[in-house]
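To start, the structure itself, in structure tokens.
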Amino acid sequence: MLANPALVELLNRAVEKPVSRAEALQLMAKCATDSLVATAGKIRDRTRPDVVTYSRKVFINLVNLCRDTCTYCTYKKEPGDSLLSMMGPQQVLAIAEAGKKLRCTEALFVTGERPEQKYERARSWLSTLGHSSTIEYIQEMSELVLSKTGLLPHTNAGSMTKKEMAMLQDTNVSLGVMLETSSERLMGKGMPHEDAPSKNPKVRIKTLESAGELRMPMTTGILVGIGETPDELVDSLFVIRQLHEKYGHIQEVIIQNFAPKPDTGMAQAPPASSEYFLRAVAMARIIMPEMNVQVPPNLNPDIFGRYIDAGINDWGGISPVTIDHVNPEFPWPSIASVQKTTEGRGRRLRARLPVYPEFLKGGFITSDRLKQYASLITDDFGLVREGYIND
Ligand code: SF4
């Protein structure tokens with residue numbers, strides 16, 4: 001793929017203003033990877049220079065039963081599995097307190113999709129805890145963690161209704177739901193989302209729209225290499241951009257690469273190639289010049305520094321306490337090594353809250369209590385005070 005004059009002109013334009021869908025499709029199809037990466041890096045240097053952020057977190061694996069089945073997933077467990085997680089309040093609090101001791105600021109609550117709709121075991125567990133839905137229990141646990149430790153909750157429980165998200169608005173500074181892909185084709189027979197109705201792009205988009213109506217800061221993103229075409233990848237990024245243009249509430253966009261795992265339906269599928277993934281990261285920055293773009297460092301342990309070159313400005317949550325329960329095969333690198341890599345690329349690593357500074361300060365957080373908890377640990381820029389972690 002040699003750069004022709006028209007592509008060079010398009011790349012130069014992209015540094016200054018957002019590309020159209022047609023232009024993005026052209027770049028994805030025809031532009032050399034080095035040129036895409038260089039352009040994405042220039043855009044990030046213009047819009048988000050100097051600092052790369054991360055969130056110091058604990059991962060609370062509240063319940064890993066799930067009503068859906070995605071053929072790449074190892075997070076979901078069945079009753080009887082030795083790694084089944086159904087956490088009671090004391091377990092939740094113990095993790096949050098351990099995080100507090102190591103100056104974590106985020107309590108990430110993760111669950112499968114509506115386990116109570118499929119499993120009697122989940123219904124009876126919730127009933128014992130005094131609840132009829134997972135969201136109700138998350139609401140109670142968010143309150144517990146917030147009030148006892150001051151860690152700020154961020155929940156990723158799959159698709160949610162507007163009413164459910166409103167239930168979490170007083171305790172969660174942000175929510176997460178991956179779009180993964182806007183392609184309904186991937187729900188077809190033999191495709192990864194055939195048995196995952198919650199992964200229907202319409203359902204995920206509805207969740208993101210409802211969050212926008214509530215003005216809840218949202219984390220979303222795409223999963224790269226699960227069978228989408230390059231055009232579908234570009235379309236997924238445009239769906240996210242358009243949601244943000246309409247509601248202004250997408251606080252970060254995660255670009256995550258598919259890696260096949262043993263004992264899953266996609267165990268024999270090829271991983272996203274490192275070049276295709278690098279192109280996806282660069283395209284995310286080119287399509288969304290002003291937004292926060294994140295790549296988790298643990299999924300690409302030896303080469304994650306290159307994603308700084310390709311335009312990212314965030315590493316996502318990193319935990320000094322808990323493992324990544326969604327990708328337990330990929331331990332997080334130490335924060336010291338992430339710092340070294342970041343500084344090696346001429347940037348400073350700074351800790352942020354699970355709500356980005358511009359959303360914290362931009363009127364998205366309406367709860368006085370949440371604002372107060374955040375103010376105890378942030379500086380004038382809305383990042384975690386530099387002294388806080390080492391105090
Ligand atoms: S919805 Fe989430 S937890 Fe459930 S199977 Fe799919 S990826 Fe796994």
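Bear in mind that the values in this text are calculations on the coordinates, not laboratory data. What you see is a predicted model; the values in this text were computed from it and never measured. FYI the Cβ positions are ideal-geometry reconstructions off the backbone, even for glycines, and counts take in every protein chain you see.
Tabulated data
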{"item": "Tilt relative to the chain, helix 368-377 - C-alpha long axis, 0 to 90 degrees, to 10", "result": "70 degrees"}
{"item": "Cβ-isolated cysteines (cut-off 4.7 Å), the chain", "result": "31, 66, 104"}
{"item": "For the chain, calculated [θ]222 nm from helices alone, where every DSSP H run of n ≥ 4 adds -39500 (n - 2.57)", "result": "-12000 deg cm²/dmol"}
{"item": "Whole-angstrom gap from the stretch 32-89 to the stretch 258-284, using each part's C-alpha centre", "result": "14 Å"}
{"item": "Rounded to 10°, Cα long-axis angle of helix 201-214 versus longest principal axis of the chain", "result": "70 degrees"}
{"item": "Cross-link table 163/199; 77/162; 57/361; 118/202; 189/261, entries beyond 25 Å C-alpha to C-alpha", "result": "77/162"}
{"item": "Cα→Cβ-extended label distance, 7 Å offset, between residue 261 and residue 91, nm", "result": "1.7 nm"}
{"item": "Exposure proxy ranking, count of Cβ atoms within 10 Å, fewest first, for 83, 168", "result": "83, 168"}
{"item": "Ascending count of other beta-carbon atoms within 10 Å, so fewest first, for 365, 286", "result": "365, 286"}
{"item": "Packing-based exposure ordering (other Cβ within 10 Å, fewest first) of 203, 8", "result": "8, 203"}
{"item": "Gain in span if fully extended, residue 132 to residue 6, counting 0.36 nm per residue against the direct Cα distance", "result": "39.5 nm"}
{"item": "Tilt relative to the chain, helix 335-344 - C-alpha long axis, 0 to 90 degrees, to 10", "result": "20 degrees"}
{"item": "Equivalent ellipsoid dimensions for the chain as semi-axes, Å, which come from the Cα gyration tensor, largest first", "result": "32, 25, 19"}
